[in-house]
Amino acid sequence: MREAQHIPELATDPNSAFPDPEQCHHPDGLLAWGGDLSPPRLMNAYSEGIFPWYEPGSPILWWSPDPRAVFVPSVCMPSRRLVRTLGQPGWRVSVDAEFSAVISACAEPRSAKPGTWITTAMKEAYLALHQLGVAHSIEVWFDDDLVGGLYGVSLGRVFFAESKFHRRTDASKIALAYLMVLMRRWSFLLVDCQIPNPHLMRLGAQMMPRQSFRQRIRTGLTDQPSHPHHRPGQWLNDCPDLRTIDWPSQRLVKSD
């Protein structure tokens with residue numbers, strides 16, 4: 001019989017240290033519980049490769065899975081089918097224009113899963129990070145309707161994607177493709193997508209050992225060029241119009 005593992009409770013001080021993820025032996029990467037969702041706590045967590053995820057009614061749970069699912073912007077390109085979709089009229093992308101609407105849409109129950117893990121407390125926490133210029137959103141529009149998007153946390157040269165949604169076919173894929181354009185343009189090293197699933201792997205996600213992932217975070221936090229988007233602030237500038245992007249012709253991901 002497998003011995004039950006002790007999962008430590010976090011201290012009340014939001015600036016207190018997390019347990020060392022390299023010493024986490026939980027099969028799913030459950031590292032700790034408790035604490036709060038204050039901006040200092042969340043930023044400390046992401047800088048160590050840790051993220052919160054918990055069901056409504058349970059304590060806050062903190063995770064650092066091994067291995068980690070990531071996108072490497074330099075090699076993650078859209079499929080030819082998606083490039084054809086991007087060439088159709090009606091599509092438009094904005095950045096940091098409707099963060100609240102994006103996170104609210106991500107929190108809506110999905111048809112296969114009636115509940116949601118994006119609780120009111122989670123929404124308020126990431127809205128606070130957005131106001132600090134740390135959390136960002138990509139919005140995808142068709143004509144005048146918000147039809148897709150994603151949001152996440154940016155620290156240094158690493159983007160930690162949290163959730164995405166779509167109300168029109170390919171809308172969330174367009175959000176991801178546009179994010180990769182920004183990441184390459186701004187010399188980001190990684191886009192974290194936390195836990196793998198078949199959909200993410202088809203889009204080009206890779207598996208990275210936790211130790212390597214955390215080393216990339218340290219590099220991204222310390223070895224930063226002087227680009228303004230490596231520091232907190234709104235991503236309203238230097239974001240190309242969707243129609244002006246020269247989408248790569250090579251197909252480096254599987255068909256979606």
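Got at least one residue in region 86-99 being in a helix (DSSP H, G or I) and closer than 19 Å to Phe160 by Cα? Checking region 86-99: at least one residue is in a helix (DSSP H, G or I) and closer than 19 Å to Phe160 by Cα. Applying the criterion of being among the hydrophobic types (A, V, I, L, M, F, W, C) and not in a loop (DSSP other than H, G, I, E, B) to the residues of region 184-207, the residue that is farthest from Phe99 (Cα to Cα) is Met207. Just wondering, is there one or more residues in region 73-85 that are under 17 Å from the mean Cα position of the chain (by Cα), under 16 Å from Ser172 (Cβ atoms) and at pLDDT 95 or above? Within region 73-85, not a single residue is under 17 Å from the mean Cα position of the chain (by Cα), under 16 Å from Ser172 (Cβ atoms) and at pLDDT 95 or above. Hey, does region 110-117 have a residue that's under 14 Å from the mean Cα position of the chain (by Cα) and among the aromatic types (Phe, Trp, Tyr)? Looking for residues that are under 14 Å from the mean Cα position of the chain (by Cα) and among the aromatic types (Phe, Trp, Tyr), one finds none in region 110-117, hence no.
In this structure, Val181 does satisfy being modelled with pLDDT under 95 and not in a loop (DSSP other than H, G, I, E, B). For region 27-57, taking the residues that are at pLDDT 95 or above and over 19 Å from Phe160 (Cβ atoms), the one that is surrounded by the fewest Cβ atoms within 10 Å (Cβ to Cβ) is identified as Gly34. Part of a loop (DSSP other than H, G, I, E, B) and within 22 Å of the chain's Cα centre (by Cα), is that true of Glu55? Here the answer is yes, as Glu55 does meet what is asked.
Within region 1-26, the set of residues being outside any loop (DSSP other than H, G, I, E, B) and either of a type in the set (S, T, N, Q) or crowded, with 16+ Cβ neighbours inside 10 Å (or both) comprises Pro21, Gln23. Restricting attention to region 152-173 and to residues that are within 25 Å of Gln88 (Cβ to Cβ) and of a type in the set (Ser, Thr, Tyr), the residue that is nearest to the chain's Cα centre (by Cα) turns out to be Ser172.
When residues in region 145-156 are screened for being surrounded by 21 or more Cβ atoms within 10 Å (Cβ to Cβ) and of a type outside the set (Ser, Thr, Tyr), 6 of them pass. Among the candidates Phe159, Phe142, Phe165, the residue that is surrounded by 22 or more Cβ atoms within 10 Å (Cβ to Cβ) and over 11 Å from Val102 (Cα atoms) is uniquely Phe159.
Against the test of being closer than 24 Å to Ser104 by Cβ and in a helix (DSSP H, G or I), the options Leu146, Leu176, Leu150 yield a single qualifying residue, Leu176. Filtering Val83, Val102 for residues that are at negative phi, aliphatic (A, V, I, L, M), crowded, with 20+ Cβ neighbours inside 10 Å and assigned to a helix (DSSP H, G or I) leaves a single hit, Val102. Here Trp91 does not qualify as at pLDDT below 90, aromatic (Phe, Trp, Tyr) and in contact with a helix residue (DSSP H, G or I) (Cβ under 9 Å, 6 or more places away or on another chain).
The set of residues in region 1-54 being of a type in the set (Gly, Ala, Ser) and either touching a Ser or Thr at 6+ places or on another chain (Cβ under 9 Å) or free of Cβ contacts under 8 Å to residues at least 40 places away in the same chain (or both) consists of Ala4, Ala11, Ser16, Ala17, Gly29, Ala32, Gly34, Gly35, Ala45, Gly49.
The values are calculated or read from the model by the stated rules, or taken from the named source; none is laboratory data. Owing to the predicted nature of the structure, the values given are computational and were not obtained by experimental measurement. Cβ coordinates were reconstructed from backbone atoms using ideal geometry, including for glycine residues, and neighbour counts include every protein chain displayed.
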